[in-house]
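Student: Let me give you the structure first, and then I'll get to my questions.
The values are calculated or read from the model by the stated rules, or taken from the named source; none is laboratory data. Quantities reported herein were computed from a predicted structural model and do not represent experimental measurements. Every residue, glycine among them, receives a Cβ derived from its backbone with ideal geometry; neighbour counts consider all protein chains shown. Just so you know, the surface numbers come from the protein's heavy atoms only, side chains and all, with ligands and any DNA or RNA stripped out. Shrake-Rupley method; radii C 1.70, N 1.55, O 1.52, S 1.80 Å.
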Amino acid sequence: MNASQEFPQLFAAVQQLRARSTPEPAALATIVRTSGSTFRRAGARMLVHADGEVTCALAGGCPQRDIVLRAQRAMAERTPALVPYNRESNLDVLMEVGCGGELDVLIEPLVQPDDFQFFDVLARLHDERAPASVATVFSRDGAVHTPRPWRLIRHGAGHWTDIPAPQLARRIHALADGLPAHGGAVLERAEMDGAQMDVLLEAWRPKPALVVIGYSECALALSRLAHGLGWQTTLVEHVAAVRGSLEGVGAQLHAAPETLPERLPFDRQTAVVVMTHHYERDLAYVQALAQVPLAYLGVIGSRERAARIHRAVSASVTAIHAPAGLDIGSETAQEIALSVAAEIMAAMRARSGVRLSRTDGPIHS
């Protein structure tokens, strides 16, 4: 699925379509298979409107203009399409793009009310910050599945599906058990009545949440950067101050260290950065959160202060990143915010954070 912070934009566009007195067709374009270097990974989606406008553009490295034209054709014919972009098909478009990779794109028209059902399920999970796995059955023996793809969405409270074949649904449940914990997408194949069904399996994760503890130029810069990235952001102060609403920082909260674990709904997609710039206060917040499962727990400060915190907190459920941030030579508050946000993203996505020019593996994996 798209990065979870993109989903509200996609769903809002879908809701606008559904709210119109005269229904307007649209089409959903989904990258279902990639090989080599591509700009977006499998699971990236773009909504194409009847006039050719798009929501959540796939952008560079992908033959977007051609996809839009094919999406408009799918709307007119009310028939899905599976379009390969490789050395055997649409090579001219690939050469124009020049990314060197190959991909297959599923294009499904959104016309009937049932075409939108899975969006409603994902919207509820998004609001509840509930992780899930999303399966899209998009082809049968290599041909696009008609009249629309089948889907199965599994979450902690159960599952939703429009797959009419229980045996196939059970097989997909088993395949979903192998999805990587940090997210991503894999292409699987399942048999049904002697036919080979291609299934895109995706790990749906809540959008990143960031809790910044402290009030300073660095804290504000980090909060604003994360808020701009679409993260669910909360700025926590240790004292109740009459400041009014601060622009672009997300939610604001006053909470003492011992009360914080009960005041906010922490989960495995939540990062916390402690930056009160006061050792005893920083330590109190870290100790209060040491047994809370988080995606990331960081502390701003010198190496000497970081060493003292590591010694003082002997056991923590989440590894303590102190000093927080990547080594990019940060000086200003905005540069420090960039350094910390980059480390958080790498931690959440199980990436090393090293320079791409010094790696030879896939950029999107």
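Student: Here is a check on your reading of the model: is ALA219 open to solvent by less than 50 Å² (accessible area, probe 1.4 Å) and more than 25 Å from PRO131 (Cα to Cα)?
Tutor: yes
Student: Now a separate question. Restricting the stretch 256-293 to residues that are of a type in the set (S, T, N, Q) and farther than 27 Å from ALA132 by Cβ, which is surrounded by the most Cβ atoms within 10 Å (Cβ to Cβ)?
Tutor: THR276
Student: Among (1) more than 21 Å from the chain's Cα centre (by Cα); (2) under 22 Å from ALA123 (Cα atoms), which single condition is GLY156 missing?
Tutor: Condition (1) is where GLY156 drops out.
Student: Take the residues in the stretch 117-147 that are among the aromatic types (Phe, Trp, Tyr) and either assigned to a loop (DSSP other than H, G, I, E, B) or under 20 Å from the mean Cα position of the chain (by Cα) (or both), then tell me which one is surrounded by the most Cβ atoms within 10 Å (Cβ to Cβ).
Tutor: Applying the filter and picking the extreme gives PHE118.
Student: Between a first residue in the stretch 102-115 that is touching a residue at least 60 places away in the same chain (Cβ under 8 Å) and a second residue that is polar (S, T, N, Q), which pairs have beta carbons less than 6 Å apart while being 6 or more apart in sequence or on different chains?
Tutor: From the stretch 102-115, the pairs are GLU102/SER35; GLU102/ASN86; LEU103/THR34; LEU103/THR38; LEU106/THR30.
Student: Given ARG65, ARG33, which one is among the basic types (Lys, Arg), out of contact with any Leu (no Cβ under 9 Å at 6 or more places or on another chain) and either modelled with pLDDT of 95 or more or open to solvent by 50 Å² or more (accessible area, probe 1.4 Å) (or both)?
Tutor: Answer to the check: ARG65.
Student: Step by step: first the residues of the stretch 294-305, then only those that are aliphatic (A, V, I, L, M) and either in a helix (DSSP H, G or I) or open to solvent by less than 10 Å² (accessible area, probe 1.4 Å) (or both), then the one that is nearest to ALA319 (Cα to Cα). Which residue is that?
Tutor: Going through the qualifying residues, I end up with LEU297.
Student: For a quick check of your reading of the model, give me the residue pairs whose first member lies in the stretch 289-310 and is in contact (Cβ under 8 Å) with a residue 12 or more places away in the chain and among the charged types (D, E, K, R), whose second is surrounded by fewer than 21 Cβ atoms within 10 Å (Cβ to Cβ) and not in a loop (DSSP other than H, G, I, E, B), with beta-carbon atoms closer than 6 Å and at least 6 apart or on different chains.
Tutor: Close Cβ pairs satisfying both conditions: ARG305/TYR279.
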